[in-house]
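One structure is given here, and the rest of the page talks about it.
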Amino acid sequence: RLPVKIVGSKQAISQERKVGMFVVRMTAEWNRWIADLAAPLHGRNRWRLQSVIVGIRFASGRRTVSSWWRASGVGFLYRSYYYFLDSVGRKILPVATALLQIVLNHVEAASEQFHLFAIDDSPTHRFGPKVQGAGYHHNPTPGPAGSKFLFGHNWVVLTRLARHSQFGLISFPLIGQLYVREKEIPLLPKKLGVVFRTKLELAANQIRWLGSQRKFLSKPIWMAVDGFYAKKPIFQAAREQNIVIATRIRVDSKLFEPPPKLKPGQKRGPGQPPKYGKNKIHLSKRDAHHQGWTKIEVLTTEGRKVTKYYKSILATWAIASGLVRIVILKEEDGSWRPLLCSDPSACVELIIQASTDRWGIEQSFYDLKEVEGIEQVQFRRYYSNVGALNLNLWVHTLTEVWAWRKSTEELVNRQASPWDQADRRPSHADRRKSLKQYVMRQEYLRLDIPDRLRKRIQPFVEMLQLRAA
């Protein structure tokens, strides 16, 4: 680990030294990233971020916070690290700014015409009657039990989406903000200063934060959201920050034709020009016509090409406050769904691809829950939950950034698994395992071992690396 200043009693320090646990050190590149993330934190405790990130990355078994402390060798000074998570939860936006710069500097997708981001919400299970901010939320994955609701936290997450030349679409989570229902606000301590904000308000604030980072973004910004976020606060915030919204809308949305154009020589009457047309547009009737469909090829999240058909029209929508581009997309099974883009001049192919790439955030939610185990981290305090969740998001993103410039051969070796698909793209679990093996290999090479002994023990060390990861 990096040299740190240990603060505590002499008895605690002596007990800490008796632990004798071997703690790995991250690479120089990771140390630079961690230093950048720790810069916005308070100087008295920013050095703890190094140990916490090492613990998150090398924790094994059930991913509780105590497993983080064991993996990082915290030992008897663990209490101060719990309070450190609370302080991180209060500084997520400044740290996310540093993380965004890291992602933009290392993730190069030259074929992109714009920077694509996505916003969505996802719940996490919590247990216990005194968990601050927890409540009953809609369960998106009911499972065999068929439970429509779950008790826990609901997070509104902002993520960066980029398409890799070999691995397909990759998601880089940046911010996770906790949505607390209005009826749970009075149950929180007043000293926390938590006020009620809807999911739409949280998402709109994230869009405004993203607009404030435009100095780091060299291309236009697009935001892909699902139909729930196709509401006026989202379009208003995006219009203020000059961000394009690509989303799915309801089939029965009240769309109208564009206002009529003036004929040559015709003068406009007194008053403001019309903003909306008079004739209503029925999307179901547009889909019923067999003519007018155009063929297009779209990339899936895995990078495969699929063929779809679409119709494109211009319309006016009161929620978007003006003219929008509507795309009626027909799926392979014959079903159809309407897409909307707030920029009427946008290319139809880009609109369809951005709406398809939005599913990358769903893949990151799956990886965070099934691979990183964010639901296994249980806290009672509000800001401790916020800090722990965002630390998981940031470590997940840094792992993806580290693997961005790696080849498939460097990330995964399936020779020991002949039943697996050899051409399958590396998953997040593969990248996580490859990072752990790489760091442990570097630790082994740092050891002062004679060459005659190194050759004898190297096969054994390689076997330990495979088992430990």
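The values are calculated or read from the model by the stated rules, or taken from the named source; none is laboratory data. None of the values given here were measured: they were computed from a predicted structure. As a convention, Cβ positions derive from the backbone with ideal geometry for all residues, glycine included, and neighbour counts pool all protein chains shown. Accessible surface areas use protein heavy atoms only, side chains included; no ligands, DNA or RNA. Shrake-Rupley method; radii C 1.70, N 1.55, O 1.52, S 1.80 Å.
Residues of segment 66-79 that are under 28 Å from the mean Cα position of the chain (by Cα) and open to solvent by 10 Å² or more (accessible area, probe 1.4 Å): 66, 69, 70, 71. Among the residues of segment 138-151, those identified as within 27 Å of residue 234 (Cα to Cα) and either among the polar types (S, T, N, Q) or under 19 Å from the mean Cα position of the chain (by Cα) (or both) are 139, 140, 141. Only a single item in (1) open to solvent by 50 Å² or more (accessible area, probe 1.4 Å); (2) in contact with a helix residue (DSSP H, G or I) (Cβ under 7 Å, 6 or more places away or on another chain); (3) modelled with pLDDT of 90 or more is not met by residue 216, and it is number (3).
Considering segment 441-455, and only residues there that are part of a helix (DSSP H, G or I) and open to solvent by less than 90 Å² (accessible area, probe 1.4 Å), the residue that is modelled with the highest pLDDT turns out to be 442.
In the set 438, 366, only one residue is open to solvent by 40 Å² or more (accessible area, probe 1.4 Å) and under 18 Å from residue 160 (Cβ atoms); that residue is 366.
Of all residues in segment 403-420, which are over 30 Å from residue 177 (Cα atoms), out of contact with any Ser or Thr (no Cβ under 8 Å at 6 or more places or on another chain) and not polar (S, T, N, Q)?
Our first condition is that a residue be over 30 Å from residue 177 (Cα atoms); within segment 403-420, this holds for 406-420.
Right, trim to out of contact with any Ser or Thr (no Cβ under 8 Å at 6 or more places or on another chain) and you get 407-409, 413-420.
409, 414, 416, 418, 419, 420 - these are the residues of segment 403-420 that are over 30 Å from residue 177 (Cα atoms), out of contact with any Ser or Thr (no Cβ under 8 Å at 6 or more places or on another chain) and not polar (S, T, N, Q).
Within segment 293-308, not a single residue is over 16 Å from residue 355 (Cβ atoms), crowded, with 16+ Cβ neighbours inside 10 Å and at pLDDT 85 or above. Going through (1) out of contact with any strand residue (DSSP E or B) (no Cβ under 9 Å at 6 or more places or on another chain); (2) at pLDDT below 90; (3) in a loop (DSSP other than H, G, I, E, B) one by one, residue 109 falls short only on (1).
For the subset of segment 71-106 comprising residues that are charged (D, E, K, R) and in a helix (DSSP H, G or I), which member is modelled with the highest pLDDT?
Kept after step one, since they are charged (D, E, K, R), are these residues of segment 71-106: 79, 86, 90-91.
Imposing the further condition that a residue be in a helix (DSSP H, G or I) reduces the set to 79, 86.
Details: 79: 90, 86: 94.
Looking at the filtered set, the residue picked out is 86.
All conditions but one from (1) among the hydrophobic types (A, V, I, L, M, F, W, C); (2) surrounded by fewer than 19 Cβ atoms within 10 Å (Cβ to Cβ); (3) within 20 Å of the chain's Cα centre (by Cα) apply to residue 155; the one that does not is (2).
Would you mind finding the one in 92, 175 that is within 22 Å of residue 36 (Cα to Cα), open to solvent by less than 10 Å² (accessible area, probe 1.4 Å) and touching a helix residue (DSSP H, G or I) at 6+ places or on another chain (Cβ under 9 Å)?
That would be 175, the only listed residue that is within 22 Å of residue 36 (Cα to Cα), open to solvent by less than 10 Å² (accessible area, probe 1.4 Å) and touching a helix residue (DSSP H, G or I) at 6+ places or on another chain (Cβ under 9 Å).
Would you tally the residues in segment 271-296 being part of a strand (DSSP E or B) and over 12 Å from residue 329 (Cα atoms)? Residues in segment 271-296 being part of a strand (DSSP E or B) and over 12 Å from residue 329 (Cα atoms): 2 in total. In segment 49-64, the residue that is modelled with the lowest pLDDT out of those that are open to solvent by 10 Å² or more (accessible area, probe 1.4 Å) and part of a helix (DSSP H, G or I) is 58.
Any residue in segment 29-42 that is closer than 17 Å to residue 400 by Cβ sitting within a Cβ distance under 9 Å of a residue that is among the polar types (S, T, N, Q) and open to solvent by 10 Å² or more (accessible area, probe 1.4 Å)? List the pairs, counting only those 6 or more apart or interchain. Within 9 Å, the pairs are 34/50; 36/101. For beta carbons closer than 8 Å, sequence separation of 6+ or different chains, a first residue in segment 134-146 that is over 12 Å from residue 184 (Cα atoms) and assigned to a loop (DSSP other than H, G, I, E, B) and a second that is modelled with pLDDT of 90 or more and of a type in the set (A, V, I, L, M), the qualifying pairs are 139/150. Applying the criterion of at least 2 residues that are touching a Leu at 6+ places or on another chain (Cβ under 9 Å) and within 22 Å of residue 251 (Cβ to Cβ) to the helices (runs of 4 or more DSSP H) found wholly in segment 315-409 leaves 348-357.
When you go through (1) open to solvent by 20 Å² or more (accessible area, probe 1.4 Å); (2) without any contact (Cβ under 8 Å) to a residue 60 or more places away in the chain; (3) touching a helix residue (DSSP H, G or I) at 6+ places or on another chain (Cβ under 6 Å); (4) β-branched (Val, Ile, Thr) one by one for residue 371, which number turns out not to apply? Exception for residue 371: condition (2).
Inclusion of residue 351 among residues that are among the hydrophobic types (A, V, I, L, M, F, W, C), over 30 Å from residue 261 (Cα atoms) and out of contact with any helix residue (DSSP H, G or I) (no Cβ under 7 Å at 6 or more places or on another chain) is not warranted.
For (1) in contact with a Ser or Thr (Cβ under 8 Å, 6 or more places away or on another chain); (2) in contact (Cβ under 8 Å) with a residue 40 or more places away in the chain; (3) β-branched (Val, Ile, Thr), each residue gets a yes or a no:
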position: 378; (1), (2), (3): yes, yes, no
position: 384; (1), (2), (3): no, yes, no
position: 393; (1), (2), (3): no, yes, no
position: 397; (1), (2), (3): no, yes, yes
position: 401; (1), (2), (3): no, yes, yes
position: 422; (1), (2), (3): no, no, no
